[in-house]
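The values are calculated or read from the model by the stated rules, or taken from the named source; none is laboratory data. Note that this is a predicted model, so its numbers are computed, not measured. All Cβ positions, even for glycine, are placed from backbone atoms using ideal geometry, and neighbour counts span all protein chains on display. Note: areas computed on protein heavy atoms with side chains; ligands, DNA, RNA excluded. Shrake-Rupley method; radii C 1.70, N 1.55, O 1.52, S 1.80 Å.
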Amino acid sequence: MTNNSNIELLKCSQLNKWYGNLHALKDVDLTINKGEVIGLIGDNGAGKSTLIKIICGVHNLDKGEIFFEGNKIKIKNPKTAMNLGIETIHQYNTMFQEMSIARNVFIGREPKKFGLKSLGILDEEKMNTESMQAIKEVGLDLRSPHIPVKELSGGERQGVSIARSMYFKSKMLILDEPTNHLSVKETLKVLEYVKSLSSMGISSIFISHNLYHIHEIADRIVGMARGEKVCDMNKSETTVNELIKLIG
Ligand SMILES: Nc1ncnc2c1ncn2[C@@H]1O[C@H](COP(=O)(O)OP(=O)(O)OP(=O)(O)O)[C@@H](O)[C@H]1O
Ligand SMILES: [Mg+2]
């Protein structure tokens with residue numbers, strides 16, 4: 001929030017997405033600067049998740065252009081986005097429930113051992129110690145890296161996702177309704193965390209139906225309705241009551 005620079009990180013231009021006949025994104029422009037927090041708001045079905053799924057490679061774009069750090073890019077799949085430094089915490093938890101905390105932190109990017117006898121086997125020790133370290137750094141106190149994710153609370157699961165994005169030093173974090181089902185205390189932790197990212201120069205897009213949370217943490221607020229961007233304003237230009245009138 002304090003570190004709102006003018007260096008452009010991501011620029012989306014005239015994005016369009018159709019699901020069959022449904023025109024889910026209509027010529028949407030979105031720019032996000034380094035360290036900026038964007039609050040993305042809008043009614044159910046407005047197109048918020050669709051927009052961020054294009055940015056994080058879950059869906060492909062039908063029309064439009066995306067620039068990252070000034071270069072035109074194609075985000076073909078989630079791996080491309082992750083390699084660019086775009087991490088996403090999805091609306092519906094996509095962690096692997098049966099797998100351990102450590103495996104979930106390193107999923108898709110597992111460290112391997114390349115000793116004489118251990119060609120390419122998983123480096124479990126590294127995953128265990130480093131996942132616990134990453135989790136500690138986000139202020140969570142979990143007993144062991146071996147616990148399966150299904151045994152964690154909603155807040156603890158969010159913490160593991162956040163620890164993962166921290167560990168891999170992302171440039172941008174997308175959070176799609178990350179505070180649903182969280183306690184007041186856990187929610188405050190997530191909000192504080194997003195603020196701390198901003199002070200480290202990491203940008204975020206925060207989707208929420210809670211306009212108080214949005215107003216508290218966002219530098220800029222972008223509103224969507226029926227697949228279109230309907231507003232894009234600095235937080236200082238608006239109030240929670242205005243947002244409620246606009247969207248609520
Ligand atoms: N995979 C899909 N296939 C077909 N239609 C979809 C798909 N995903 C979303 N839609 C439709 O696209 C529109 C936009 O949905 P989207 O999930 O982007 O909304 P949203 O703004 O995230 O809403 P919410 O606040 O309820 O999460 C909706 O009409 C939805 O039904
Ligand atoms: Mg959604």
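In region 33-85, with Lys and Arg counted as +1 and Asp and Glu as -1 at Cβ, which of these residues, 51, 75, 37, has the Cα nearest the positive end of the dipole, that is, farthest along it?
Value computed over the given set: 75.
Counting only DSSP beta bridges with both residues in the chain, what percent are antiparallel, rounded to the nearest 5?
60 percent
Mind checking region 94-164 for chymotrypsin sites (Phe, Trp or Tyr not before Pro) that DSSP puts in a loop (not H, G, I, E or B) and that have at most 10 other Cβ atoms within 10 Å?
Details: sites: 96, 106, 114; in loops: 96, 106, 114.
Sites meeting the loop and neighbour criteria: 114.
To the nearest µm²/s, what D does Stokes-Einstein give for the chain at 20 °C and 1.002 mPa s, using the Kirkwood radius over alpha carbon pairs as Rh? Don't skip to the answer; put the middle values down first.
Numbers: Rh = 18.8 Å.
Once the numbers are plugged in, D ends up at 114 µm²/s.
Taking a 28 Å limit on the Cα-Cα distance, which of the listed pairs 26/245; 79/245; 72/112; 11/76; 79/235 fall beyond it?
79/245; 72/112; 79/235
Could you state how much accessible area residue 200 has, in square angstrom rounded to the nearest 10, with a 1.4 Å probe and all protein chains kept in place?
Probe radius 1.4 Å; accessible area of residue 200 about 110 Å².
Along the charge dipole of the chain, Cβ charges K/R +1 and D/E -1, which of 223, 244, 153 sits furthest on the positive end?
Farthest along the dipole direction, towards plus: 153.
To the nearest 10 square angstrom, what accessible area does residue 59 show with a 1.4 Å probe?
Here the residue's solvent-accessible area equals roughly 50 Å².
Could you sort 7, 205 by accessible area so the largest value comes first, with the probe set to 1.4 Å?
7, 205
Going by accessible area, probe 1.4 Å, with all protein chains left in place, what is the ranking of 242, 98, largest first?
Output order, biggest surface exposure first: 98, 242.
Please state, to two decimals, what the Cα-based radius of gyration of region 124-164 comes to when divided by 2.2 N^0.38 Å (N = residues).
1.03
How far apart, in nm, are the 7 Å Cα→Cβ label points at residue 83 and residue 233?
Each label point is offset 7 Å from its Cα along the Cβ direction, giving 4.1 nm.
Suppose only helical runs count, i.e. DSSP H with n ≥ 4. What mean residue ellipticity at 222 nm does that imply for the chain under -39500 (n - 2.57) per run, divided by all residues and rounded to the nearest 500 deg cm²/dmol?
Dividing the helical sum by the residues of the chain leaves -9500 deg cm²/dmol.
Looking at the chain, do any whole DSSP H helices span at least 15 angstrom along their long axis by alpha carbon and average -1.0 or above on Kyte-Doolittle, and which?
154-167, 184-199
Over region 67-108, what per residue volume does the convex hull of the Cα atoms give, in whole Å³?
Taking the convex hull of the Cα positions in region 67-108, it is 86 Å³ per residue.
Would you kindly calculate the mean projected area, averaged across all directions, of the convex hull enclosing the Cα atoms of region 1-113, in square nanometres?
9.5 nm²
Once neighbouring chains are kept in place and the probe is 1.4 Å, which whole percent of the accessible area of the chain is contributed by carbon and sulfur?
Looking at the chain in its full context, I get 51 percent from C and S.
In what order, largest first, do 156, 228 sit by accessible area if the probe radius is 1.4 Å? Spell out each step's value before the answer.
Details: 156 55, 228 90 Å².
From most exposed to least exposed: 228, 156.
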